[in-house]
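The values are calculated or read from the model by the stated rules, or taken from the named source; none is laboratory data. Keep in mind that this is a model prediction, so the values were computed, not measured. Using ideal geometry, Cβ is built from the backbone for each residue, glycine included, and neighbour counts are taken over all protein chains shown.
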């Protein structure tokens, strides 16, 4: 009954404003238009009136909410957004300036290519925790050519498709185990070739024998 009422509320809200149910793309277009006009309070209110209608796009809406709270200098209100994102496994979204970081990575990669001979068929990105989420997200977005991902204790990235290999390492007591299991399910669904290792007795940390797992991961990713 609650779900039915929520759906009806979303439809009624959309009809009241536009005369028809609004699509997510149309919603974002309207929201960005309000933001471009500098009316951040109105944009935040508009976001709040529609967020329950687009629960599948929670990640994208959260970044908009963070942006608007910052524009309105309501920084403390972002704490609850950060907490919810962390609990949901979207840890790297705490760093919302992804477009800027992508540009910087592209620039650095271009400089490296100018100075060194780079075999782009064997580029592996790696990270730990939020760093591994960033590595996965960067590979999924195609920021630079990547052939493999080495991820220690990852959470969940927002993106959902890629055509590369991945090596995942989690700890037996890692608080991101559930998110890692979900990530493995996603990889299974899209047919991604991956190896997922759970280290006995380890929590959310770098493994004690880090070189062993890096070597094992690279052997898997590079077919050595």
Might you check whether a residue that is in a helix (DSSP H, G or I) and under 21 Å from residue 57 (Cα atoms) occurs anywhere in the range 149-169?
no
What number of residues within the range 183-205 are surrounded by 14 or more Cβ atoms within 10 Å (Cβ to Cβ), at pLDDT below 85 and not in a helix (DSSP H, G or I)?
1
Give me the pairs: first residue in the range 51-66 and under 17 Å from residue 40 (Cα atoms), second residue not in a helix (DSSP H, G or I), beta-carbon distance under 7 Å, and six or more apart or on different chains, which are they?
63/96; 66/96
Which listed residue, of 84, 64, is under 29 Å from residue 183 (Cα atoms), assigned to a helix (DSSP H, G or I), at pLDDT 85 or above and under 16 Å from the mean Cα position of the chain (by Cα)
64
Would you check if residue 180 is modelled with pLDDT of 85 or more and under 24 Å from residue 57 (Cβ atoms)?
yes
